[in-house]
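Values in this text are rule-based calculations from the coordinates and carry no lab data. Everything numeric in this text was worked out from a predicted model, so none of it was measured. Here Cβ is always computed from backbone atoms with ideal geometry, including for glycine, and neighbour counts include all displayed protein chains.
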Amino acid sequence: MKPAVGIVVSNKMQKSVVVAVDRLFHHKMYNRYVKRTSKFMAHDEEDACNIGDRVRLDPSRPLSRHKHWVVAEILRRAKVYVPPSATASSENVTKVQQAGVATK
């Protein structure tokens, strides 16, 4: 088997991720390209993958009943939203109060 590239769709297991791999094939009857998605479970030793990461999978020996792939590298990290911390918002409020602006 050759390496596969896909998007991580689940990382709720310890040292395992589920990766969706898209592929295109030519449909002879309709003369169109059709997209199909396969989901593979892969071994992630460092638990480094997050949902939305683009990863490269390498085939390996069977590691469990469903795991036959290993995450070789993370090609692109997903953009993760980090909300502003509560301390930063309280600091801004105190600065406004110190400046003499009336707050309701």
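So the values come out like this:
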quantity: Residues (under 13 Å from residue 8 (Cα atoms) and of a type in the set (Gly, Ala, Ser)) located in segment 34-71; calculated: 38, 42, 48, 52
quantity: Neighbours by Cβ (under 8 Å, 6+ apart or cross-chain): first from segment 41-56, under 12 Å from residue 6 (Cβ atoms); second part of a strand (DSSP E or B) and of a type in the set (D, E, K, R); calculated: 41/67; 42/67; 53/76; 54/76; 55/73; 56/73
